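This report concerns only the one structure given below.
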Amino acid sequence: MMSDAATEELLELSRKLLTAIDTQDWATYADLCDPGLTAFEPEAVGQLVTGMEFHRFYFRSRPSEWSKHSTIASPRVRMLGSDAAVVTYVRLTQRRDESGQYSTMAAEETRVWQRRDGRWKHVHFHRSPCGSA
């Protein structure tokens with residue numbers, strides 16, 4: 001059974017990852033992710049993407065003056081042995097666009113983490129939109 005401390009560590013790493021995405025902090029994002037990261041996400045239009053280059057494009061492209069914040073809702077952490085874990089949640093993303101308008105989007109996310117050399121690395125994710133609030 002996974003300890004409360006491990007659950008909190010994985011949730012905190014997931015929050016840190018989302019903050020890096022929201023703030024376009026490529027250095028933190030790259031540090032948390034395995035170079036061979038795989039993903040299914042809407043931006044990949046049904047294709048499995050491998051590696052970091054696909055994701056780097058979005059860090060360079062989104063206007064930094066747009067305000068964005070993500071919140072993890074209904075999180076679950078499940079260990080797969082002692083060195084792998086699946087973190088699932090609904091991600092609520094609040095945005096303020098260039099015209100000052102606010103919106104909230106929701107997406108179901110699954111993040112797979114693997115412990116290597118005593119450190120958790122993000123190795124795979126799947127994101128599906130679930131509507132807007």
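A short reminder: the numbers here are calculations on the coordinates, not readings from a lab. Given the structure is predicted, the values throughout are model-derived calculations rather than measurements. Here the Cβ is made from the backbone with ideal geometry for all residues, glycine too, and neighbour counts use every protein chain on show.
Data overview
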quantity	calculated
Expected 222 nm ellipticity per residue - DSSP helices of 4 or more, -39500 (n - 2.57), all of the chain, to 500	-8000 deg cm²/dmol
Positive minus negative residues near Leu18 (Lys, Arg vs Asp, Glu; Cβ under 12 Å)	+2
Degrees, to the nearest 10: 4-22 long Cα axis against longest axis of the chain	30 degrees
Relative contact order for the chain, counting Cα pairs under 8 Å that sit 6 or more residues apart, in percent	23 percent
Beta bridge orientation in the chain: antiparallel %, DSSP, nearest 5	90 percent
Modelled FRET efficiency - R0 25 Å, Val86 with Ala27, Cβ distances, 0.05 increments	0.45
Cα gyration tensor category, rounded, prolate or oblate, for the range 4-132 with a/c compared to 1.5	prolate
Neighbour-limited loop hits for chymotrypsin sites (Phe, Trp or Tyr not before Pro), the range 11-114 (at most 16 other Cβ within 10 Å; DSSP other than H, G, I, E, B)	Trp66
In nm, spacing of pseudo-spin labels at Ala73 and Lys16 (7 Å Cα→C-beta vector)	2.6 nm
Cα shape, the range 35-102, gyration tensor, a/c 1.5 rule	oblate
